[in-house]
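One structure is given below, encoded as structure tokens.
The values are calculated or read from the model by the stated rules, or taken from the named source; none is laboratory data. Treat the numbers as computed from the prediction; the structure is a model and nothing was measured. When we count neighbours, we look across all protein chains shown, and the Cβ atoms used for this are built from the backbone with ideal geometry, even at glycine.
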Amino acid sequence: MIYWEICVIKCIALSILGIVLMVTGLEASQRHVPDKILTRKVAIHFNGEKINGYYVLTDTRSEQELDADEIRGSLNGPAIVFFSGHGQRPADAHKFSSELALKSRSGFVIVPVCDTPYGSDPNWRGDRGKEVVLMAMIRYILAQSGIRLEGYASLDDISVKIQGFEISECPDSISTQLVAVGWSHGGILARRFCCAYPDVTLGLAQVCPAGYERWSEVGLLLNFLGESLRISKIGFTGYTGDVLRSGWGLTKGIVGDFVRSIPSALVHLQPGKCSRVCKDIQDCTLYCDDQNFPLLRLRNIVVVFARDDTCMDPAQSGVADLFQPLPAEVNAFWHKYFPGALQTGTRCTLQFLPGTHAAPVTHNKQYAHIVLKGLDLFAMSEEKMR
């Protein structure tokens, strides 16, 4: 009897151990977004001046995925870089960027933001300088996670130091390439970024994007103010706090950049540095097509307009009925803004979804779904995602 009792106890113990290991394994294979949003700050030296950079990294990879990436030698898909709207802070659209991370193949999203560059060489001011600074930030963030950027080549000999050092990558690190996703002004930055670094970017997605209309600075500000007032009067069930944080982030970003420009102007005896906020607004009015930013080597391009956006009006797309776009209208849109991409076989997706200019905040799951579908970056089949 004692022998059989011992056997039964062993069987029970092994069963319990198996269940524990199975549960632990399931937990290890599950992605998750960190409970706390951590915004990191870095000091950047570029073009003869010091500016601040801020970023949020959302790495949702499970332990099993981390091991698989090490064996593979690369992320399981390109890392996603999300360029926020004008003046936004990295965490302001966190529900959208974290949804991208959770559902994408790589599980890895970077949201970099920096002060507007306004250094000694005027050729590297504003968004032109951001192309260099934001790339340096991305490489720095990847290196901190043991990842190197495959195919990277610098735009010029001009150097960038982050935290006092030039970016150093370990050749034995796992590798990745990038896709760029941009919201509002970030839509322009994302296109510029893909044009500047064609060897490392595989796809572009723009949501509620700037760049499709010829603006004056005053016209843009008035339009943006009108949309902001309109949004503030709308009740967003479950999203009011997110919208308010986004609005506060915009205010804090613009005011903070201006305030930080004052001591920089005094130190360098360049009063013009105080106008770097104006330069940022001017860059947001830029009209973009293949004449200034051709995109000839991307696999996928996705453009998503919000149907009720009065800031970046979807009517500029040339589509009359936003609920039922005609194939001829969609084709005309791509021929107007991305003719080179059509000629080189890029897969192009144009969508019109519900929402205002704040749609990536208020409709984050729907917009993230369309972006990942258009970029062909879902971690699994659509049926399993639902």
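Can you confirm whether the range 113-124 contains a residue that is among the charged types (D, E, K, R) and either without any contact (Cβ under 8 Å) to a residue 60 or more places away in the chain or not in a loop (DSSP other than H, G, I, E, B) (or both)?
Checked the range 113-124: no residue is among the charged types (D, E, K, R) and either without any contact (Cβ under 8 Å) to a residue 60 or more places away in the chain or not in a loop (DSSP other than H, G, I, E, B) (or both).
Among the residues of the range 174-199 satisfying the criterion of being in contact with a Ser or Thr (Cβ under 9 Å, 6 or more places away or on another chain) and part of a loop (DSSP other than H, G, I, E, B), which is modelled with the highest pLDDT?
GLN177
Let's see how each residue does on (1) more than 22 Å from HIS94 (Cβ to Cβ); (2) not acidic (Asp, Glu):
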| residue | (1), (2) |
| --- | --- |
| ASP172 | yes, no |
| SER175 | yes, yes |
| VAL181 | no, yes |
| SER184 | no, yes |
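Specify the residue that is farthest from VAL200 (Cα to Cα); the eligible residues are those in the range 296-352 that are without any contact (Cβ under 8 Å) to a residue 60 or more places away in the chain, in a strand (DSSP E or B) and in contact with a helix residue (DSSP H, G or I) (Cβ under 7 Å, 6 or more places away or on another chain).
Only one residue tops the list, namely PHE352.
For GLN351, are the conditions met, namely being farther than 25 Å from TRP215 by Cα and modelled with pLDDT of 95 or more?
no
So GLY73 clears everything in (1) without any contact (Cβ under 8 Å) to a residue 24 or more places away in the chain; (2) of a type in the set (Gly, Ala, Ser); (3) under 24 Å from PHE378 (Cβ atoms) except one condition, right? Which one?
Exception for GLY73: condition (1).
Of everything in the range 102-126 that's at pLDDT below 95 and surrounded by 24 or more Cβ atoms within 10 Å (Cβ to Cβ), which residue is farthest from the chain's Cα centre (by Cα)?
Checking each candidate, the answer is TYR118.
Can you confirm whether LEU155 is on the phi < 0 side of the Ramachandran plot and not in a loop (DSSP other than H, G, I, E, B)?
So LEU155 does not fit the description; no.
Pairs, please: C-beta under 8 Å, at least 6 apart or cross-chain, first residue touching a residue at least 40 places away in the same chain (Cβ under 8 Å) and within 17 Å of GLY107 (Cα to Cα) and in the range 78-96, second part of a helix (DSSP H, G or I) and of a type in the set (Asp, Glu)?
Taking only residues 6 or more apart or on different chains, the pairs are LYS95/ASP242.
Checking ARG40 against (1) of a type in the set (D, E, K, R); (2) within 26 Å of LEU204 (Cα to Cα); (3) surrounded by fewer than 24 Cβ atoms within 10 Å (Cβ to Cβ); (4) in contact (Cβ under 8 Å) with a residue 40 or more places away in the chain, which single condition isn't satisfied?
For ARG40, the failing item is (4).
Just to be sure before I move on: is LYS130 over 30 Å from ASP172 (Cβ atoms) and in a helix (DSSP H, G or I) in the structure I sent?
Yes; evaluated as a whole, the condition is true for this residue.
Have a look at ILE158, ILE80, ILE162 and point out the one that is crowded, with 22+ Cβ neighbours inside 10 Å and not polar (S, T, N, Q).
Working: ILE158 fails: crowded, with 22+ Cβ neighbours inside 10 Å; ILE162 fails: crowded, with 22+ Cβ neighbours inside 10 Å.
It is ILE80.
Within the set of pairs 6+ apart or on separate chains, which have a first residue in the range 171-187 that is buried (at least 21 other Cβ atoms within 10 Å of the Cβ), a second that is of a type in the set (Lys, Arg) and modelled with pLDDT of 95 or more, and C-beta atoms under 8 Å apart?
THR176/ARG148; ALA180/ARG191; GLY182/ARG191
Would you call GLU99 acidic (Asp, Glu), surrounded by fewer than 19 Cβ atoms within 10 Å (Cβ to Cβ) and modelled with pLDDT of 95 or more?
Working: acidic (Asp, Glu): yes; surrounded by fewer than 19 Cβ atoms within 10 Å (Cβ to Cβ): no; modelled with pLDDT of 95 or more: yes.
Judged against the criteria, GLU99 is not a match.
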